[in-house]
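Here's the structure we're looking at; comments come further down.
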Amino acid sequence: MDLPANITNALNPLFVALPPQQAMAQLVVGQGATAELIQLVEGIVKNEAMVGTPALEAALWLYIDELDRSHRVSQGIEDQTGSFWHGIMHRREGDFSNSHYWFNKVEHHPAMDLIEGYDAHEFVDAAQARHEGNPNDLVDLQRREWQTLFEWCAKA
């Protein structure tokens, strides 16, 4: 990912413990993160590079499948970006109609144009129809969605 150096340095321990190509392997989360990953993220969000960036914090909790923590943060972000993270979180918890609600609030986020083949509502519908098998194409799209929005937030 193309991130500012201070954010890359802060995230390095997390990306070593849970590489991006292994993260978010479940479309609908059945089990949250390990205590080790929770502790890593708790430390990262206190890092100077991350303090005051709730969008990145909401994203990190999603990255390790801690949906409740992500939800608490994203619902306090009252803009398009917060609604985007909020919509992703509800999709990942399997609350597909609520995910659509939040993506309707987003309307069109600039990061969406950066994700090839992406339509938020089509993705929600596909996840609803096919989530049980965690098909590779949708898991890959989920990872690209997260990475693209994370990069956009880190640079904003």
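The values are calculated or read from the model by the stated rules, or taken from the named source; none is laboratory data. Computed from a predicted model, the values in this text were never measured in an experiment. We place every Cβ from the backbone using ideal geometry, glycine too, and count neighbours over all the protein chains shown.
Structure above, values below:
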| read-out | value |
| --- | --- |
| Residue ranges of helices (runs of 4 or more DSSP H) in region 1-112 with at least 3 members of a type outside the set (Ser, Thr, Tyr) and within 15 Å of residue 151 (Cβ to Cβ) | 5-17, 54-63, 80-93 |
| Some residue of region 93-106 being of a type outside the set (Gly, Ala, Ser), modelled with pLDDT of 95 or more and under 22 Å from residue 136 (Cβ atoms) | yes |
| Selected residue [surrounded by fewer than 17 Cβ atoms within 10 Å (Cβ to Cβ), out of contact with any Ser or Thr (no Cβ under 7 Å at 6 or more places or on another chain) and aliphatic (A, V, I, L, M)] from 35, 59 | 35 |
| Selected residue [closer than 24 Å to residue 80 by Cβ and at pLDDT 95 or above] from 38, 7 | 7 |
| Residues satisfying the stated conditions in region 74-94, i.e. within 19 Å of residue 63 (Cβ to Cβ) and surrounded by fewer than 21 Cβ atoms within 10 Å (Cβ to Cβ) | 75, 76, 77, 82, 93, 94 |
| Pairs, first farther than 20 Å from residue 23 by Cα in region 125-138, second buried (at least 16 other Cβ atoms within 10 Å of the Cβ) and not small (Gly, Ala, Ser), C-beta under 9 Å, six or more apart | 125/96; 125/100 |
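Matching residues to (1) buried (at least 20 other Cβ atoms within 10 Å of the Cβ); (2) farther than 27 Å from residue 2 by Cβ:
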| site | (1), (2) |
| --- | --- |
| 104 | no, yes |
| 112 | no, no |
| 130 | no, yes |
| 140 | no, no |
| 143 | no, no |
| 150 | yes, no |
| 156 | no, no |
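Every residue, every condition in (1) over 19 Å from residue 129 (Cβ atoms); (2) within 10 Å of the chain's Cα centre (by Cα), yes or no:
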site	(1), (2)
67	yes, yes
72	yes, no
77	yes, no
84	yes, yes
88	no, yes
92	no, yes
96	no, no
100	no, no
